[in-house]
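This report concerns only the one structure given below.
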Amino acid sequence: MHQIPKEFDPEFIKAKSSSDMQMYRAERTSREPMKSVLENNPEIYIVPPQRSSTWGNWEFRPGSYYDTTTGSKHPYWADVDLPQPTKDIARLRADILQWGYGLVEDALSQEQVARVRDRVLEQAEGERLAGIAQKTPSGQNINCCVNKGRCFELLIEQHPSVMQAGALIEQLLDEALGPDWICGSLIAAMSLKGGVPQALHQDQGNGFEARNPLLVNVLTAVTDMDETNGGTLVIPGSHTTVSDAFRHGQPVGKLPPAINIEAKAGTALVYDGRLLHGTGINHTDEPRIAMLNGMHKPWMKQQENWMLSVRPEVLQRASPKLLHRMGYQASTGSQTNEGHGFGARGMAGEPAGALAAIRLAADEGRYVRVGELGPDSSTEDLHADYTLREVVRTAREGAEEKPKQAFDQRS
Ligand SMILES: [Fe+2]
């Protein structure tokens, strides 16, 4: 019998792999930057995921990060020119750069707010009645919103019919992430009385040392939010403090206190994926609702697996922009399907990387994948109706028909 070389034996490998010999071990096992954040800021800690209707009676640690107020009322921040809701793109740019977040005033008109809020409340009730409500320590989330109302499809597109500030927000995202960014998920997050404050965290779970964000979140308030109802907790400026320290191999030192975001319904909080933030406590009887719409670099894995989860009806009517944002455009570096997508740039409407037809073929039970082939394959196997043939043909025809048509997300 063939003897496997001893160097490939798991016991042999283990004996040659003590921790001091391993590549990149120090970096891989470092719990920074959160380790020093927690050590040097004892008021920031992980809140046990325990529900309580009496947060006010909870044994607060003095100065707990969540036991705070809005910037204008906080003694530390009151005299500081923190971001205020604005429609001025220059101010938004400056706020995002300096503080890690900006507030887009009236991103949704009051009519648009009402449309989204009504749909969220109905869906939340429906999911409770169906026994599939997705509870969180803060309240209830509605996941995969794209399947649950036309307004949510349009919200992912930042379409002006649902989000009047869509074009302005897209411009900010283009500048922060590059023009080929995609969307990770759209979730409706409801913070309810008795919910637990969320631990402060960075949405960008990797790339802490990045000089600019890999992810930008658009959190749209569809109810007013402030310190009474779970206004999002943020530490202004923490996006650069934390990433600068990490990049230079230094511990993160003492951070300034967290504040609650104060925003009228319809305001969009656009924040850097490196900003320390979390859900606050809702002390009121009304739900606090925020639409969470994270955008990121196209090579990052998405939060929602839209390849599987999007309903066929939604997929069929999706615009090139929506398809692109949900990850249905392959590029050489990501999401190629049986090789379809190599050479594509991953832009909206680009035939060379379009994937929706393959998912729809699978839905209809007519996706024929290329399997084992060889010189002895049967004629039937060699001439099978492989879906790849059709997809490649369509892509070629599409490429000829649409020479140099703008592969732009705006199209
Ligand atoms: Fe978050």
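The values are calculated or read from the model by the stated rules, or taken from the named source; none is laboratory data. Quick caveat, the model's predicted, so the values are computed rather than measured. Backbone-built Cβ (ideal geometry, glycine too); neighbour counts: all protein chains shown. Side chains are part of the model used for accessible areas, which takes the heavy atoms of the whole protein and leaves out ligands, DNA and RNA. Shrake-Rupley method; radii C 1.70, N 1.55, O 1.52, S 1.80 Å.
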Check: Could you give the dipole magnitude of region 1-155 about its Cα centre, charging the beta-carbon of Lys and Arg +1 and that of Asp and Glu -1, in debye to the nearest 20?
Finding: 400
Margin query: Under a crude label model (7 Å from the Cα following the beta-carbon direction), how far is Leu360 from Gln250 in nanometres?
Written below: 5.5
Check: Along the positive direction of the dipole of the chain (beta-carbon charges: Lys, Arg +1; Asp, Glu -1; about the Cα centre), which of Cys151, Pro287, Ser243 reaches farthest?
Finding: Ser243
Item checked: Dipole moment magnitude, nearest 20 debye, region 55-296 about Cα centre, only Lys, Arg, Asp, Glu C-beta charged -> 420
Margin query: If you average the C-alpha positions of region 159-238 and of region 25-46 separately, how far apart do those two centres end up, in angstrom?
Written below: 23
Checklist line | Additional length obtainable on full extension of the chain from Ser378 to Ala26, 0.36 nm per residue less Cα span | finding: 121.3 nm
Checklist line | Amide hydrogen neighbours beyond the local backbone of Leu215, cut-off 5 Å, H modeled | finding: Gly273
Check: For the chain, what is the convex hull (Cα atoms) projected area averaged across all directions, in square nanometres?
Finding: 27.1
Notebook entry, point to check: How fast does region 55-296 diffuse by Stokes-Einstein, in µm²/s, taking the Kirkwood radius from C-alpha pairs at 25 °C and 0.890 mPa s?
Noted result: 136
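Antiparallel versus total DSSP beta bridges in the chain: what percent is that, nearest 5? Show your work: numbers first, answer last.
Details: 43 of 45 bridges.
The antiparallel proportion sits near 95 percent.
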Item checked: Globularity index of region 138-258, i.e. its alpha-carbon radius of gyration over 2.2 N^0.38 Å -> 1.21
Next item on the list: With only Lys, Arg, Asp and Glu charged, each at its Cβ (+1 for the first two, -1 for the last two), find how big the charge dipole of region 272-411 is about the Cα centre; round to the nearest 20 debye.
Entry: 680
Check: Helix 166-177 versus the longest principal axis of the chain: what is the Cα-based angle in degrees, 0 to 90, to the nearest 10?
Finding: 80
Check: Between His283 and Arg211, what FRET efficiency follows from the Cβ-Cβ distance if R0 is 45 Å, with the result rounded to 0.05?
Finding: 0.70
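Cβ under 13 Å from Arg128's Cβ, Arg128 left aside: what net charge do those residues give with Lys, Arg +1 and Asp, Glu -1?
Once all neighbours under 13 Å are counted, the net charge is -2.
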Notebook entry, point to check: Where is the GNM fluctuation largest for the chain (alpha-carbon springs, 10 angstrom cutoff): Leu129, Leu177, Leu269?
Noted result: Leu129
Item checked: Pairwise Cα inverse-distance average, inverted: Kirkwood Rh of region 227-288 (Å) -> 13.0
Next item on the list: Determine the gain in length on full extension of the stretch Arg396-Gln3; use 0.36 nm per residue of separation and subtract their C-alpha separation, reporting nm with one decimal.
Entry: 136.5 nm
Note to self: Expected output is a single nm value to one decimal: the length gained when fully extending between Val368 and Leu129, i.e. 0.36 nm times separation in residues minus the C-alpha distance. What is it?
What the structure shows: 82.1 nm
Note to self: Projecting each Cα onto the charge dipole of the chain (Lys/Arg +1, Asp/Glu -1 at the beta carbon, about the Cα centre), which of Pro312, Ser334, Gly71 comes out farthest on the positive side?
What the structure shows: Gly71
Next item on the list: Any chance you could look up the accessible area of Arg369 with a 1.4 Å probe, heavy atoms only, rounded to 10 Å²?
Entry: 140
Check: So for the chain, taking the charge dipole from beta-carbon charges (+1 Lys/Arg, -1 Asp/Glu), which of Val270, Pro298, Ser36 sits furthest toward the positive end?
Finding: Ser36
Margin query: Counting only other residues whose beta carbon sits under 13 Å from that of Leu97, what net charge do I get with K and R as +1, D and E as -1?
Written below: +1
Check: Which residue, Ile289, Ile156, Ile44, has the most motion in a Gaussian network model of the chain that connects Cα atoms within less than 10 Å?
Finding: Ile44
Item checked: Pairs of alpha carbons in region 250-367 whose separation is greater than 22 Å (percent) -> 52
Notebook entry, point to check: Which one of Ala384, Ala107, Ala268 has the biggest mean-square fluctuation once the chain is modelled by GNM with Cα springs under 10 Å?
Noted result: Ala384
Next item on the list: With a point put 7 Å past each Cα toward its Cβ, work out how far Tyr76 is from Arg150 in nm, to one decimal.
Entry: 4.7
Check: How far is helix 387-401 tilted off the main Cα axis of the chain, in degrees rounded to 10, range 0 to 90?
Finding: 80
